[in-house]
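Notes follow once the structure below has been shown.
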Ligand SMILES: Cc1ncc(COP(=O)(O)O)c(C=O)c1O
């Protein structure tokens, strides 16, 4: 039989963890596995600004007819001042974009278009978001990895510069724009300057994945690195997700932007991106992008969204500060977590220690030691630190 030729694939490890967590009867269990924002109460609510925008959509949307592979260009344009700066969001007409099904769709499109343009090899710091490697493998692109971070919890600038300096014009380097997943370790402003110079010098193609803007240091601050690179290079791709900073996870809201040398280059590149999108998903789901467009075109809703984003960022900063203030837990130094950004951090724990934390303490995290910072609250933080101290001797 044809289907007998397929071999079973390992289920997604985090989804398996969700099931284990759900089946655990302990009332003080802690979920640090799934990568979504949570409030102090442990909820992942719909943003009030999104609810309001959805209501506008219900009241005013008069058709659900096809839009085209580029999706809602009102959404794509409304986002640009936030990503590329309000002074000149198109960088003199050199940036344009299209809507994608989430940041995943944007990453997929960026890599597929790079491949179509002749890129065969992609360099990427590890550990990284696991789907990066899966998409590269699915496309048949060669992945060459380098270490993203040093043991002291800071980014390894020398490693990335060495990679960019030695990469050729037919090679791409994939970087996280901010809130690195899974380490939380971002490049500093000084690092980004050097990275931008290196790209300008080597001709390697920059692909920047910006999935968490606003969840690190602030909206502007989180985009500063990618803007520094774009200011110095002739061409680049940006993959963007609104699924975290608008809380739209399951509505799949993202955008793919291209920096090109001129309008002609952009037109040709987007005719190819449209063809790739058409063959893959035809067009992106509309609802979530339309809600973002409504928010960003309405000053009151924009203010509401910004306030909600501030609350999220502040809460994660408070958790990070509390972890850092604890100093050490067993042999683990928690202080670097205070300097890192976003939803995630990597704890230097063994798989066995992860299993013990789960079995004996009801603390659930990925086998890699990645924790979701937003799974911690002022109520469960003392238990988490005490359990870590007991297990990671
Ligand atoms: C680094 C990174 N890029 C892209 C994505 C994809 O985001 P989305 O859920 O919008 O597809 C994620 C999601 O976890 C991510 O962590």
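The values are calculated or read from the model by the stated rules, or taken from the named source; none is laboratory data. The structure presented is a predicted model; accordingly, all values stated were derived computationally and were not measured. All Cβ positions, glycine included, derive from the backbone under ideal geometry; neighbour counts span all protein chains shown.
Odds and ends about this structure:
- Any hit, the range 61-68, residues being touching a strand residue (DSSP E or B) at 6+ places or on another chain (Cβ under 6 Å) and away from the ligand (no atom under 16 Å from the Cβ): no
- Subset of the range 367-393 [assigned to a helix (DSSP H, G or I) and farther than 18 Å from residue 17 by Cβ]: 381, 382, 383, 385, 386, 389, 390
- On the stretch given as the range 8-60, residues that are more than 26 Å from residue 316 (Cα to Cα) and in contact (Cβ under 8 Å) with a residue 24 or more places away in the chain total 3.
- Restricting attention to the range 162-182 and to residues that are within 16 Å of residue 232 (Cα to Cα) and either assigned to a loop (DSSP other than H, G, I, E, B) or not assigned by TED's automatic domain parsing to the domain that holds residue 95 (or both), the residue that is farthest from the ligand (Cβ to nearest atom) turns out to be 169.
- The residues of the range 76-112 that are more than 25 Å from residue 155 (Cβ to Cβ), away from the ligand (no atom under 16 Å from the Cβ) and not in a loop (DSSP other than H, G, I, E, B), listed by number, are 77, 78, 80, 81, 95, 96.
- So residue 43, is it surrounded by fewer than 13 Cβ atoms within 10 Å (Cβ to Cβ) and touching a helix residue (DSSP H, G or I) at 6+ places or on another chain (Cβ under 7 Å): no
- Selection from the range 199-218 of residues that are more than 16 Å from the ligand (Cβ to nearest atom) and either part of a strand (DSSP E or B) or within 16 Å of residue 231 (Cβ to Cβ) (or both): 199, 200, 201, 205
Listed here are the residues, each with its yes/no results for (1) surrounded by fewer than 23 Cβ atoms within 10 Å (Cβ to Cβ); (2) away from the ligand (no atom under 16 Å from the Cβ); (3) part of a strand (DSSP E or B).
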{"residue": "184", "(1), (2), (3)": "no, no, no"}
{"residue": "193", "(1), (2), (3)": "yes, yes, no"}
{"residue": "197", "(1), (2), (3)": "yes, yes, no"}
{"residue": "224", "(1), (2), (3)": "yes, yes, no"}
{"residue": "229", "(1), (2), (3)": "no, yes, no"}
{"residue": "234", "(1), (2), (3)": "yes, yes, no"}
{"residue": "240", "(1), (2), (3)": "no, no, yes"}
{"residue": "243", "(1), (2), (3)": "yes, no, no"}
{"residue": "255", "(1), (2), (3)": "no, no, yes"}
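- Qualifying residue in the range 345-353 (condition: assigned to a loop (DSSP other than H, G, I, E, B) and touching a helix residue (DSSP H, G or I) at 6+ places or on another chain (Cβ under 8 Å)): yes
- Qualifying residue in the range 318-334 (condition: closer than 25 Å to residue 86 by Cβ, at pLDDT 95 or above and not assigned by TED's automatic domain parsing to the domain that holds residue 213): no
- Filter pass, residue 282 being modelled with pLDDT of 95 or more, surrounded by fewer than 24 Cβ atoms within 10 Å (Cβ to Cβ) and either within 16 Å of the ligand (Cβ to nearest atom) or not in a helix (DSSP H, G or I) (or both): yes
- Residue check for residue 209: touching a strand residue (DSSP E or B) at 6+ places or on another chain (Cβ under 9 Å) and modelled with pLDDT under 95: no
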